[in-house]
Amino acid sequence: MTPAPTLDSPGTDKGAFVREMFASIAPRYDAANRVISAGLDEGWRRRAIELLDVPPDGRVIDLCCGTGDVSFHLLRTHPALSVTGIDFCAPMLDRARERAEKEARGCVTFLEGDVTSLPFGDDAFDGATMGFSMRNVDIGATLREVGRVLKPGARFVNLDMSKAPNKVWKGFFDLYFYRVVPLVGGMVGGSRAAYTYLPNSLTHHPSAVELRDRFTNAGFKDAGFLPLMGGSIAVHYGTKA
Ligand SMILES: C[S@@+](CC[C@H](N)C(=O)[O-])C[C@H]1O[C@@H](n2cnc3c(N)ncnc32)[C@H](O)[C@@H]1O
């Protein structure tokens, strides 16, 4: 029997692999998230949005918006914002649009597109967010594009898994993330393979300090990060110079 292709299989296109993986889990993505994070993910998104510092009626781009969790949080916090969610996985966007009809009390648009090549002009947005996605993208290309579409002085806030500095806590968290998440993701999310890839995508991800330095090197000023859950989650931020 031929083994299923993995991200490391020769000739695998990372973008296509990630898109197909999310398409396979889109219908149950929200339910799986709530179970895997024990409902804590909503609080983490709220903390990230608190760091955004955007004008009340500004234009915000939510990169890799998926089913819209961060976009809807943005509108709950700042109802006069105009939010554009962008993602390259059509089934995730279908779910975001379904949710918008029920949940959004404001201006939100969901567009299909790749965050490494954004279909917007320079200096178009007052703020940018990204939730649980930096591990899936080309970091350099994404930071370059975010920097291009933000207005000078506007902030980018990125919430994602990270590597806890304390070895004991990291060991405990890794046990949950690498062993339990694939099992729970298989049961609730419907794809054990996808929920095996997702934790593994953290393995080659930069540490929180390294990612902060990537922000700085990409031209963001005042780059920093807020560790959550002992550093297993981090909110990185930086301001376009
Ligand atoms: C883990 S989900 C996060 C969704 C949402 N931001 C959240 O907080 O729940 C990652 C999303 O990133 C999207 N994605 C990954 N790479 C992308 C890229 N290069 N361009 C656009 N979307 C991408 C996937 O399709 C998926 O919907």
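Would you point out which residue out of 209, 188 is among the aliphatic types (A, V, I, L, M) and over 30 Å from residue 240 (Cβ atoms)?
It is 188.
Quick one: how many residues across segment 204-241 are β-branched (Val, Ile, Thr) and under 14 Å from residue 134 (Cβ atoms)?
Summing the residues that are β-branched (Val, Ile, Thr) and under 14 Å from residue 134 (Cβ atoms) in segment 204-241 gives 2.
Please work out which residue is farthest from the ligand (Cβ to nearest atom), limiting yourself to segment 69-89 and to residues that are among the small types (Gly, Ala, Ser) and not in a helix (DSSP H, G or I).
The selected residue is 80.
Of everything in segment 31-68 that's among the acidic types (Asp, Glu) and more than 8 Å from the ligand (Cβ to nearest atom), which residue is farthest from the chain's Cα centre (by Cα)?
This residue is 57.
What are the residues in segment 153-188 that are small (Gly, Ala, Ser), modelled with pLDDT of 90 or more and within 22 Å of residue 32 (Cβ to Cβ), if any?
Hit for segment 153-188 is 162, nothing else.
Need pairs with beta-carbon distance below 8 Å; first residue under 18 Å from residue 52 (Cβ atoms) and within segment 103-132, second more than 11 Å from the ligand (Cβ to nearest atom) and among the aromatic types (Phe, Trp, Tyr); sequence gap 6+ or separate chains.
Matching pairs, first to second residue: 127/156; 128/156; 129/156; 130/156.
The values are calculated or read from the model by the stated rules, or taken from the named source; none is laboratory data. From a predicted model like this one, the values you see are computed outputs, not experimental measurements. All Cβ positions, glycine included, derive from the backbone under ideal geometry; neighbour counts span all protein chains shown.
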